[in-house]
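The numbers here are math on the coordinates, done by the rules we state, and not lab data. A quick note: this is a predicted structure, and the numbers were derived from the prediction, not measured. Ideal geometry is used to build each Cβ from the backbone, glycine not excepted, and the neighbour counts take in all protein chains shown.
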Protein chains: 4
Amino acid sequence: MSGDSKLNRPEYEALLKPLGKELVSLSRWVGEKGKRIVVIFEGRDTAGKGGSIDMFARVLNPRQCRVVALPSPSKREQSQWYFQRYIDHLPAAGEIVLFDRSWYNRAGVEKVMGYADEAQVEAFLKAVPEFERHLVDDGIMLFKYWLCCDQSVQELRFGNRLRNPMKRWKLSPIDQQARLHYDAYTEAREEMLRVTHTDFAPWTLIEFNDQQVGRLTLLRDFLDRVPDTELPLAEIDWPPLDHEPSKERYSVLQPLEPYKLPDEIEQRDMIHSWD
Amino acid sequence: MSGDSKLNRPEYEALLKPLGKELVSLSRWVGEKGKRIVVIFEGRDTAGKGGSIDMFARVLNPRQCRVVALPSPSKREQSQWYFQRYIDHLPAAGEIVLFDRSWYNRAGVEKVMGYADEAQVEAFLKAVPEFERHLVDDGIMLFKYWLCCDQSVQELRFGNRLRNPMKRWKLSPIDQQARLHYDAYTEAREEMLRVTHTDFAPWTLIEFNDQQVGRLTLLRDFLDRVPDTELPLAEIDWPPLDHEPSKERYSVLQPLEPYKLPDEIEQRDMIHSWD
Amino acid sequence: MSGDSKLNRPEYEALLKPLGKELVSLSRWVGEKGKRIVVIFEGRDTAGKGGSIDMFARVLNPRQCRVVALPSPSKREQSQWYFQRYIDHLPAAGEIVLFDRSWYNRAGVEKVMGYADEAQVEAFLKAVPEFERHLVDDGIMLFKYWLCCDQSVQELRFGNRLRNPMKRWKLSPIDQQARLHYDAYTEAREEMLRVTHTDFAPWTLIEFNDQQVGRLTLLRDFLDRVPDTELPLAEIDWPPLDHEPSKERYSVLQPLEPYKLPDEIEQRDMIHSWD
Amino acid sequence: MSGDSKLNRPEYEALLKPLGKELVSLSRWVGEKGKRIVVIFEGRDTAGKGGSIDMFARVLNPRQCRVVALPSPSKREQSQWYFQRYIDHLPAAGEIVLFDRSWYNRAGVEKVMGYADEAQVEAFLKAVPEFERHLVDDGIMLFKYWLCCDQSVQELRFGNRLRNPMKRWKLSPIDQQARLHYDAYTEAREEMLRVTHTDFAPWTLIEFNDQQVGRLTLLRDFLDRVPDTELPLAEIDWPPLDHEPSKERYSVLQPLEPYKLPDEIEQRDMIHSWD
């Protein structure tokens, strides 16, 4: 969650907050109506897939919302039907599944880096619209986002990862290759869009040169495309306790000594909630 | 990530940052050495399990670090060996698995709410130390955290959820019951600790009356208990591009119109990264 | 493996034997070439699906050949994409999967018994040819057999199950209903055939009024439709042992007392292999 | 199902039949009472594991009774807890699971062939009694059979596989090695028995020099060790059809031409059931 932006952090959070509320409302609707939602996040390395997924995952119930980030396929999986291991993670009623990369790997990194041959990519592109139509016909709500950024921005972000030990894990050997193939990725994307941007399962491209703006754009679009999800909040009967609130009591094991704060903070009273 | 705290947000983040760096370093060590880590998060409703898990998940690679938050067992699962559906999610080499609640459900909510009978709870308590020793003997690093808070704090947080539509999803019918059984949960926890706080798989209790301090305490403890994980950062060869950086080019589909910012922001130039 | 037949058992087995050899040869070819085979067995209750599957399973390596007989879907599975739980069992390279009933349940028992509504059946019939084409395009060899028998034969076999405690498990409450809907099943089958008997994934109907002849017919057809699978048997170097063959020696536990044979047999020497 | 035996086939089948009836009765009891049964088949190569498993599988409902024959572990599985991939297949209520080889691989083939090192075998032998006690304490009925045969018999059977194309698939490169390590297998078995033959999960050794007698011995033992499973057969209301039985009618597709029988058989009428 960093980078150059038109927004400073408080501004960003102020803008995000009402969208978050709508997202929570939507998730309640998904749960109560038994809807199933799939959101695919594809895009340039460094564009901001991870941060966008976090934006969803942080406000949603982890029992309702799953992130699917599959590792490389095993040898056995490689010999199976290409879609098989993704299908395994499709949502049941009331669930929202966020795919951090997806079956589109085949038309992206696998094509550009030569892990899949021409015939495999073609077969994939032929199959994918029908495959997605099956999901949509079955009632799954499918959203496909492709996160764009210019190479100058990508280079800055790669540089940041290179120098920042916190982010170094994000730099894989594939990234080293990927930056040299920026244009090949563009081409692959355009070819992919040509056949997989369909009426029933359209793509949405979103510019992530400014990640904060990009995330707001993505979430606003997602919320606008789901039909009215306003549900009255359930009435909850919430009587006061009929006794003094209890305190923790420990007989077997004491809690850990709390983290040592700087002295001037340590002596301070609690301060009011900052969120 | 809210509530009363001794820390304001910038202070909290300043304290968290160096711990985050250590966590990333640790995750690299886990990956390169093929270690396997399981972290169990148990505790009071509202104590702060979700926020603590986020603290890990946000800095770790989603392909390395999985959150496991199992739904209620199906009827078929209920008839299987109790541990079976949890075992399915144990880590392979290089993986970190965060359990948002765990097999300890049986000695907590299931016991207090009567979903499991006496005999089942006893059988569970008898089995669990051996079960965990098997994992530990096999080389899995197992961390068990129980997040504590006083009932007065819990009541405030429940009230907050009740009034805040963003957080209403966190209020389940079970919560309504749970608050009435605060003391029963205490008792159940103590009994559970008595038999499952073992040399090879000890519990750590952490006070979460102040959630920011609680999270710092937990992460500091976790980092301290893993042996020295300093690994030199891999040298990465990163030559400059040999051409002007490319720009995104769109032939099939244009990116979405960006989110409309307030006018005064819209006209502003990018500002420097705030993270 | 019983019923009225034109063949007595020795005749049947003499005819089956060479086909079994071809099947084994085919399985070697599947393994060495990394082929994937799916065989679907559908048909009338009592027609003989189980016996036909046994005919395959008995001569094939259980590590290569799996039988898939799914139980009723759980509630969660019912809310998922209809094909999802079947897809999970599709073969990897070198595997042969035998489906004892299959996704066609939806157009058969589920339709006739009213477990699926009109819209669901229609949606299924629309989806299935494309779904199967995806598998076939991906290189999976797909065989679909529907086993037929007249109602008079079915009634005899039901009667046999009713009276024979060994076979009573085969009589489910659904069977009781099914016999009353013989004609509805016929109609459902014909409608299903009309849309799912395709060039790339044709059905084969086989008459099982005579089960022995039915099985021979099915296996002969299957073998004829797979391209030439003759592979030379691998040379195996098999030197004689360089010592007297060892005998079992038991120090911890003795073998169980063998089953008590009738006296006249007990005293007899081994007799020559009967297979 | 071949080899030298004291029994000819009709004799064997006559003796097997009543045991099969009891097995079916037992399976009804398992289903109605929601019991869970695991049967482990271990033993010498060629001893007769496959045939023994068939003996069960052929009379049991495939929706109730599963055969588990796991392939070699993937690299990812190799790094997981050793028991994990077996646990995945443990039975739910009403199910019978037959393990064609099992977790005992580690103390057998893996030890003898050097796939597991000393420390791994020791760790396994230490863990397995507790692991099995967990299953047994949980109510799973666990049966462990080890099928024995003398090397002279094994050599004859290997030779048979070598010469018989139908059986050649049973000859793996490991077999070639295994025969040279007959005594090492004996030793490994005895060491394994010493620690894993427990009160709650005892082993049963069965001599399979005569496979027919071996199978009868095994099944008799299994049946004797399950408590009285006699349940009255459910009354089934079975009214006669109220119309002439229907015949198959085909509008879309005709059944396949039946397998061409030798002329003298073709012209014959149906003969009476031979089973």
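Side notes on the structure shown:
- Spin-label zone in region B:69-110 - amide nitrogen under 13 Å from a point set 7 Å from the Cα of D:ASP137 along the C-beta vector: B:82-83
- Rounded to 0.05, the FRET efficiency of the D:ASP242 and B:LYS260 pair, given R0 = 60 Å and the Cβ-Cβ distance, is 0.25.
- Region A:9-225, relative contact order in percent, only Cα pairs under 8 angstrom and at least six apart counted: 29 percent
- Sorted from shortest to longest, the distances between the D:ASP199 label points of this copy and the other copies are 2.5, 7.1, 7.3 nm, with each point 7 Å from Cα along the line through the beta carbon.
- Mean per-residue shielding of peptide A:188-201 is 2, counting Cβ atoms of other chains within 10 Å of each Cβ.
- Angle in degrees between helix A:151-163 and the longest Cα principal axis of chain A, rounded to the nearest 10: 50 degrees
- Exposure proxy ranking for C:ASP117, D:ASP4, based on other Cβ atoms within 10 angstrom of each Cβ and starting from the fewest, stands as C:ASP117, D:ASP4.
- Helix B:211-225 axis, angle to chain B major axis (alpha carbon atoms, nearest 10°): 90 degrees
- As a rough footprinting exposure proxy, the listed residues B:LYS21, C:LYS111 were ranked by other beta carbons within 10 Å of their own, and the order from fewest upward is B:LYS21, C:LYS111.
- Within a Gaussian network of chain A (alpha carbon springs, distance under 10 Å), most fluctuating of A:TYR86, A:TYR185, A:TYR104: A:TYR86
- As a calculated quantity, the FRET efficiency between C:GLU235 and C:ALA93 at R0 = 30 Å, using C-beta atoms, amounts to about 0.80.
- Grouping the Cα pair distances of chain D into 10 Å bins from zero gives a pair-distance distribution of 5, 23, 29, 22, 12, 7, 2, 0 percent in increasing distance order.
- Per residue of peptide C:126-137, the mean number of Cβ atoms on other chains within 10 Å of the residue Cβ is 3.
- Choice from D:GLN212, D:GLN80, D:GLN120 with maximal GNM fluctuation in chain D (Cα, 10 Å cutoff): D:GLN80
- Once the Cα atoms are used to define both axes, helix C:182-196 deviates from the longest principal axis of chain C by about 90 degrees.
- Counting Cβ atoms of other protein chains within 10 Å of each Cβ in A:167-179 and taking the mean gives 3.
- Label spacing, shortest first and in nm, from B:GLN120 to its equivalents in the remaining copies (7 angstrom along Cα→Cβ): 2.9, 3.7, 4.6
- Per-copy distances of the B:PRO165 label point, shortest first, in nm (7 angstrom along Cα→Cβ): 4.6, 6.6, 7.5
- Among B:ILE174, B:GLY108, B:HIS134 the positive-end extreme of the charge dipole of region B:85-219 (Cβ point charges): B:ILE174
- Filter on A:LYS75/C:LYS35; C:LYS49/C:LYS111; A:LYS49/A:LYS144 - keep pairs with C-alpha separation over 18 Å: C:LYS49/C:LYS111
- The loop-placed GluC sites (Glu not before Pro) in region B:172-275, going by DSSP, that have at most 13 neighbouring Cβ atoms within 10 Å of their Cβ come out as B:GLU230, B:GLU235.
- Rounded, prolate or oblate (a/c below 1.5 giving rounded, otherwise prolate when a/b exceeds b/c) for region B:1-86 by Cα gyration tensor: oblate
- GNM remark for chain D: springs join alpha carbons under 10 Å apart, and the peak mean-square fluctuation among D:LEU205, D:LEU241, D:LEU142 falls on D:LEU241.
- Nitroxide proxy distance, nm - points 7 Å out along Cα→Cβ at C:ARG268 and D:SER72: 4.4 nm
- Cβ crowding within 10 Å ranks D:TYR250, C:TYR82 as D:TYR250, C:TYR82, fewest other Cβ atoms first.
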